[in-house]
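Data first, discussion second: the structure below is written as structure tokens.
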Amino acid sequence: MELITSASDLSSTLDRLHPADYPARLRMSRPGFEHFAAQLPVIDPTLPVEMVQAELQQVRAVLGGVSGQLKDQWEQLNIPQMRDGVFGRVILGMEEPTELPGGNLHGGTLIVLGLWGNGFAWVPHGHEAGFMHEELIRGAAEVRMFDVVDPVRRTVKESRRVVFDRPGIMASAYCPEGSAPDLGFNLHAVKGVAPGTTVTLHYLPGHVRDTRGSAFTEVPLDQMPEFRT
């Protein structure tokens, strides 16, 4: 099984990926989890799910280890608290970025903590094809799921919503290339709904920067054709 090339210095890698004026609360990192990132396998998103079962099992085992260490060492980690309506991000491990034509960098697989100040919610967005995993560590999160209305205009409508108020997995799924709109895998929006800071653990197939390029526009139900009179 091929493993990713994990970044050895998270802080300098994040500096390479982001401009100097990028908010510090969105590019924080914590050492001590590098050994987990080094165990992550390469997952080829062009393959059907039945051909990547061993890799998915490995990722889930790694994330179980990360989750366990977070819970065991939480008080020692000094994870920042977000004020109401503010979001932060702490990178625990990530793949070494690759250089694209023109010199731009593409951030690969990463393990990241989402820090949700009470009331903060992302816009509807998706992710790259591949495997993604989301787990509630502390607090409570409302997750809204969406269906695509128009893939060209990138509009969506809400299909369901769930509130997670106990630690545990919120989503864990694989999507091969071509099975969803571009950057439209797992269309959802998360909102922190507990006093203080809600903490979620994520494994993502590609580094994200504020849902750039992956955002969708929600169409209110009263504007859907089936609701018009």
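Read-outs: derived from the displayed coordinates by stated rules, not from any lab. Keep in mind that what you see is a predicted model, and the values were worked out from it rather than measured. Reconstructed Cβ throughout: ideal geometry from the backbone, glycine too, with neighbour counts over all protein chains shown.
Summary of computed values
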{"quantity": "Length-normalised contact order of the chain in % [C-alpha pairs under 8 Å, at least 6 apart]", "calculated": "23 percent"}
{"quantity": "Whole-Å distance, taken between Cα centres, linking the range 1-28 and the range 159-176", "calculated": "26 Å"}
{"quantity": "Rough spin-label spacing in nm, given labels placed 7 Å along Cα→Cβ, for Gln53 and Asp72", "calculated": "3.0 nm"}
{"quantity": "Order of Leu10, Leu17 under a 10 Å beta carbon neighbour criterion, fewest first", "calculated": "Leu17, Leu10"}
